[in-house]
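First up is the structure itself, then whatever we jot down about it.
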Amino acid sequence: MLPMSSQGTTTATKTLALDSTQLYLTAIDSSDSTLSFPSIPSSFPPSKLIPNTRFLVDSFRHSTTTTFSAAYFLSHFHSDHYSGLSPSWSKGIIFCSHLTSLLLIQTLKIPPHFVFPLPLNDPVVVDGCEVILVDANHCPGAVQFLFKVPTKNGSFERYVHTGDCRYCNSMKLNSYLNDFVGCDAIFLDTTYCNPKFVFPSQEEPVDYVVSVVDRIGKEFKEKKVLFLVATYVVGKEKILVEVARRCKRKIFVDGRKMEILNVLGYGGDKVFTVDESESNVHVVGWNVLGETWPYFRPNFVRMKEIMEEKGYEKIVGFVPTGWTYEIKRNKFVVRSKDSIEIHLVPYSEHSNYDELREYVKFLKPKKVIPTVGMDIEKLDSKHADKLRRHFAGLVDEMANKKDFLMGFHRGNYGGVEKVEMDASPDLNEDKDMERKQNILEMKSVESKNADITFNDSSPVQKPDLQDSAIPSEEERERIIEELGDSLPRWVTRDQKLNLISSSRWNVVEAVSNFYEHENELYEQISAFRTSDSASAAQAGSSDNSVSSLNSGPFRSSSHEGLISHLSQASKPSNFKLSVRSNISPGKRKKSTENKSNKKVKSNSKLESSGSKQPMITSFFGKVLVDDSKGGGTGLKIEECPKDEITLPGDLTKSYTEKIDQFIQIINGNESSRNYVATLLEKTQGDINRALDTYYGNPEVNHDGNTENMVFSSKSAQVWSCSNDCHVSKNEHALEESRSTPDSSLQGQPVENVDVTLVSLPPDKYKPIEHACWRSDQPAPYVHLARTFDLVGSQRGKIKATSMLCNMFRSLLALSPQDVLPAVYLCTNKIAADHENIELNIGGSLVTSALEEACGTNRSKIRDMYNDMGDLGDVAQACRQTQTLLAPPRPLLIRDVYSVLRKISVQTGSGSTMRKKNLIVNLIRSCREKEMKFLVRTLVRNLRIGAMMKTVLPALAQAVVMNSSRALCHEGTADCLKEKLQELSTAVTEAYNVLPNLDLLVPSLMKEGIAFSSSTLSMVPGIPIKPMLAKITNGVPEVLKLFQNKAFTCEYKYDGQRVQIHKLANGAVRVFSRNGDETTLRFPDLINTIKESAKPAAQTFILDAEVVAIDRKNGQKLMSFQELSSRERGSKDSLITVDKIKVQPLPHGMLQPRH
């Protein structure tokens, strides 16, 4: 290593300047004074090369026999970065931090004269480029490199290479990093560039490890407990030091690890020891506890060997890495077996996803170059491009635009002219017309230049026509056309002319000015469209209305009055712009709405007109039959009347026309005429306000059939949905169950029903009158959602049961076929437990569907979830931020259940996308609180406090009350109390012996109050619910309970409780105590049962305990843990039965049949 005293010192006034070539020549003891290198090949990985230099960063294994540079930079001492270095290294000088240089020399035995340490936070000039090292918050000695590279025009290009880095807020305080805000590129550590990696800060995992060591150490004082911490050769020292400091324990390491710790400066702290007897906290190699990639696989066998070898009774391991973070579970996952625990600790020395974005947002570079990932050797690779998308909007896009546009400014336009000459005659003719129009408009603008005044402070100044030569008409046309190719389509001709003339006919300057004022120019167009539409509305001309519809609001350039409007709009208010716009075109509309106080001032004449944004009805016309030709088939468009205040004398006639128009717009029929007349009367004939009222009432039937509608001024809810709320035509799940001709009428609430009526006492609730749909129609899902919302806010079981009872009563009275799907949805199930049918979707898939349906992003959803703690509440909040012109097609109970069943059977390639599409279609049809409970259903967490033991009694009570409706009206619910209790108990008992709703619910509805627990019996193949035992404190308590009565008891075997079912077809199935089928796990048990059963035993259900048995050791019963280690088995594979033998020990025969 070169001596710091002669080569590496700096002064306060002079920066150390180094020449890597001269250093290299000195290191190899060459007599040559110069050294030339071949050009670096284009195939060299760009993530390892600093542009416009020969600086290679962490690029030692890519070096071939050819030496391209003398300057190599090493960010830190991890093998994936120094791979390729060896004691024989002699290809160049390695620049690194002081700690890293010591590790290279003492551990890797790199010749010292090839290693040159650089100071931290102190600029050094290497080969004419300024280089600064700043801390990377990774491992000891890890640094980031800041390169300041001079260019030919006298300026500098700035590059940040992070190496491996964990971003923290303190980096914002580093003055050198602040100087690199707006750098040309950042070479970013993208190890965890995925939204699923949102592991906590380093402090939280450190606290967790310390707390576990302290807690287990105190709990097992009498036991010998061994703690193992997996680490790299260098790294994770923070955890070890904190455990030693806060738990008052030394840390045992081997001799090689101690040598490295001594280099790092930890040797003198007496924190670490090489004496194994001094500590029960040991540091082990990285993969000793298990493999971490691509997912963690514990090595319990190796840990058991270590425990027995070292004489400990319990062993606890820690694997600290971000790869162990599991977003679907708790932050700290524990894998355990017997007396072995492995704690997966999401401690990482790399930036998580949010920190990566925060770092890029802070530096705001022109571009991001990933250094970690697949195929990152190519900047334009698919994977690298995917990584860069995560930082869209955080980089300096304006600088990139300017750099991009500079490449289009050429002096020779012959190529363009040749293309135009080769174009088709029709296109050339259109071009000629457009050129003539441009020339005429240019003359118009020039003639008005005297009237156009520019603000002195505006960055776009009035052109000095005397100093700049005015191009010819042909040249003007070409310049305008070139400018148009670089601008969005919405830019008008007048705006192009103003831009190009104010920029002295310089295209690049004109485009640059445009993007600096893009938002303000777009607001001008919006203001013009608004005023133009309003003027057209007031004119009331049928011809103008049709023309407006044909041209569309965005084809303003073809409008006759556009030039005059924009000429006025482009006066002083046009260019009073000083704020650079970074708003993307896709967000302009939202931005302009949110910044109404910053809108460009409109012309006084336009302001006085009082125009507003045109209502959607201005684009509708009344369709009339054109009988002029006698055919009766022609159509003509009649203009929609607007803003008419009808006199009382003309009320009937005028309302008749507007009623016809209103019905035409809503696609209604004659039955809705009276309701529409009521709306128009309340709005004094204003059809726009009437439509707002109509679509703003959540309880009205928006299908046009409004004969039963009752308008309520109390309704103020606005329908919410995404922009595309129509169910996909490719998904027929919502259509298959609809058989009535007019499906748009199904399940629609027909009255302004109070959503809280279901909370009435049972004797006050009217199942038909208080329902939100009509008889013989499918029940809407909103009926369930309203009930769930009310039940979820109740803490009392009796009140919740009463609400569920009322809900079921309406279903029984109006839509009996929807009762069974409703019971499944209330219990958060889609099938019986033993059928093992699950949705198999997680929160990530639901979140992805919410992103698409609600137009939000995953980051916002995650932040809202952290605040609310419930994905259903998050979804409901997202829905409330969106509105639709008309409500979506209503969800039906049977449709929701059908789609859930369809989701459960999706498997194979593309199944995730199919599931997502089904979920999106459901979400887009949600109304009111449907979104909240639909999402909760999807994530299997309904959170209403109602389970099967609550839902089934509620259904039984509904059956009783509907069967005895006359008696209920005469008296009160008290007269049915005994029958209610009796049927509720019967239904619960029946479910315990036959837990299958597909059989139980239809039978209950058929039998009514005559249903009893004996109506249904056990069915082989359907497991029986277990009877839970009561915990006792000992034998004396049992003797006291039996009060000297005779009783028998059985031995409690340390095995697995099973139900063995023999079916009529001879098949034998095995179920666990929870009803899960385990037949495939016990093939030997199946054979034993078949051999033991007599032919007369056609079907039976056997209650038994399966235990592991050691037949070679006197039929010794083995432990439950050994039984649990047997493989689970699957349809596609057989398990090995020789390793662990099993034996059934029957308790009793539950259902014999001969």
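Descriptive notes on the structure:
- For the range 1035-1149, the equivalent ellipsoid derived from the Cα gyration tensor has semi-axes of 28, 20, 13 Å, listed largest first.
- Residues I1089, I186, I110, ranked from the fewest to the most other C-beta atoms within 10 Å, line up as I1089, I110, I186.
- Label-to-label distance, nm, for residues given as N1087 and R795 (7 Å Cα→Cβ offset): 5.9 nm
- Cα gyration tensor shape for the range 747-833, rounded if a/c is under 1.5, else prolate or oblate: oblate
- Fewest-first ordering of L1117, L942, L521 by other beta carbons within 10 Å of each residue's beta carbon gives L1117, L942, L521.
- Cα gyration tensor shape of the range 203-345, rounded if a/c is under 1.5, else prolate or oblate by comparing a/b with b/c: rounded
- Computed packing ranks the peptides 193-205, 823-835 as 823-835, 193-205, most packed first, by mean other Cβ atoms within 10 Å.
- Using a Förster distance of 56 Å, the FRET efficiency for T67-N262 (Cβ separation, nearest 0.05): 0.95
- Shape call, the range 15-188: gyration tensor on alpha carbons, a/c limit 1.5: oblate
- Order of C805, C168 under a 10 Å beta carbon neighbour criterion, fewest first: C168, C805
- Measuring spread by the Cα atoms of the range 478-530 yields a radius of gyration and Dmax of 10.5, 32 Å.
- Separation of the R901 and D29 label points, Cα + 7 Å toward Cβ, nm: 8.7 nm
- Hz values of 3J(HN,Hα) by residue in the range 1074-1090 - Karplus curve (6.51, -1.76, 1.60), Gly and Pro given as x: 8, x, 7, 6, 10, 4, 5, 7, 10, x, 5, 5, 4, 5, 4, 5, 5
- Longest to shortest principal axis, alpha-carbon extents of the range 760-1010, angstrom: 56, 39, 34
- Amide H contacts of V126 (H built 1.01 Å from N, in plane; Pro and chain starts excluded): L18, V131 sit under 5 Å, all sequence-distant by 5 or more or on other chains.
- Sites K1006 and I837, calculated FRET efficiency, Cβ-Cβ separation with R0 25 Å, nearest 0.05: 0.50
- Once the chain from E769 to N1065 is taken as fully extended at 0.36 nm per residue, the excess over their C-alpha distance is 101.6 nm.
- Within the range 1014-1044: backbone nitrogen closer than 15 Å to the K1052 label point (7 Å, Cα to C-beta): 1028-1039
- P(r) histogram, all alpha-carbon pairs of the range 49-133 included - 10 Å bins from 0, percent: 17, 56, 26, 1
- Estimated from the Cβ-Cβ distance and a Förster radius of 56 angstrom, the FRET efficiency linking L1145 and F156 is about 0.10.
Coordinate-derived values only; no laboratory data. These numbers come from a predicted model, not from an experiment. Counting neighbours? That spans all protein chains shown, and the Cβs are built from the backbone with ideal geometry, glycine included.
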